[in-house]
């Protein structure tokens with residue numbers, strides 16, 4: 001535990017991600033819960049080459065390099081799986097409201113239990129398909145799932161506020177996905193207007209092909 005704490009502290013300090021000591025402990029506890037639940041339900045890959053604290057938790061926190069979550073901001077984590085990136089970000093931004101959604105009931109059950117054990121008050125996890133979300137809009141939508149960018153933009157188009165954005169953690173060559181998403185914007189309520197991709201390969205060898213993709217309204 002102490003080694004993981006030091007690793008996370010060092011990585012965050014190197015990239016100017018400010019985290020209070022109590023939050024670091026919560027993030028480590030979440031990593032333990034994620035490991036435990038993963039033995040029962042397939043939340044993350046069981047053939048990990050990197051520690052959970054780096055490949056999943058720190059990876060989620062890297063979003064903060066490109067977006068500063070604000071008090072009262074309404075955030076949707078689309079296809080959250082085991083609570084990524086929503087739970088780590090909810091821990092670090094207690095005044096931001098997070099809704100975690102996944103179509104697999106067992107995954108949401110695990111998220112609900114982890115949220116309860118961690119005592120996080122600013123995050124709710126519900127079992128739902130994104131198509132079923134109605135009468136609700138968000139400032140920011142997050143996704144770490146493998147769905148193509150044009151599909152994610154189609155989902156986000158009707159759920160984002162006028163100045164909202166979609167932030168995705170993705171990997172590989174995304175030029176084709178970005179082109180397809182941009183060409184489909186007219187049928188997605190004019191979303192996206194612009195897409196940026198930010199490689200994070202320089203941060204850690206574990207993120208060699210990873211990028212943070214931001215689609216703007």
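The values are calculated or read from the model by the stated rules, or taken from the named source; none is laboratory data. Here the structure is a predicted model, which means the values were calculated and not measured. All Cβ positions, glycine included, derive from the backbone under ideal geometry; neighbour counts span all protein chains shown.
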Number of the condition not met by residue 168 [criteria: (1) closer than 26 Å to residue 31 by Cα; (2) surrounded by fewer than 20 Cβ atoms within 10 Å (Cβ to Cβ); (3) touching a residue at least 12 places away in the same chain (Cβ under 8 Å)]: (2)
Residue count for the range 172-185, restricted to those that are more than 9 Å from residue 213 (Cβ to Cβ) and surrounded by 14 or more Cβ atoms within 10 Å (Cβ to Cβ): 5
Some residue of the range 84-100 being at pLDDT below 95 and closer than 24 Å to residue 211 by Cβ: no
Residue tally, condition assigned to a loop (DSSP other than H, G, I, E, B) and either in contact with a strand residue (DSSP E or B) (Cβ under 6 Å, 6 or more places away or on another chain) or surrounded by 15 or more Cβ atoms within 10 Å (Cβ to Cβ) (or both), over the range 120-135: 4
Restricting the range 83-116 to residues that are assigned to a loop (DSSP other than H, G, I, E, B) and under 10 Å from the mean Cα position of the chain (by Cα), the residue that is surrounded by the most Cβ atoms within 10 Å (Cβ to Cβ): 83
All positions within the range 206-217 that are part of a loop (DSSP other than H, G, I, E, B) and either surrounded by 14 or more Cβ atoms within 10 Å (Cβ to Cβ) or free of Cβ contacts under 8 Å to residues at least 12 places away in the same chain (or both): 208, 217
Positions within the range 136-165 being part of a helix (DSSP H, G or I) and in contact (Cβ under 8 Å) with a residue 40 or more places away in the chain, in sequence order: 149, 152, 153, 155, 156
Residue among 59, 67 that alone is under 17 Å from residue 143 (Cβ atoms) and in a helix (DSSP H, G or I): 59
Unique residue being assigned to a loop (DSSP other than H, G, I, E, B) and touching a residue at least 60 places away in the same chain (Cβ under 8 Å) when the list is 16, 50, 29: 50
Which listed residue is crowded, with 19+ Cβ neighbours inside 10 Å, touching a strand residue (DSSP E or B) at 6+ places or on another chain (Cβ under 8 Å) and within 26 Å of residue 14 (Cβ to Cβ), from 64, 140, 80: 140
Any pair with Cβ under 9 angstrom, 6 or more apart, that starts in the range 193-205 at a residue that is over 15 Å from residue 176 (Cα atoms) and ends at one that is modelled with pLDDT of 95 or more and surrounded by fewer than 12 Cβ atoms within 10 Å (Cβ to Cβ): 203/14
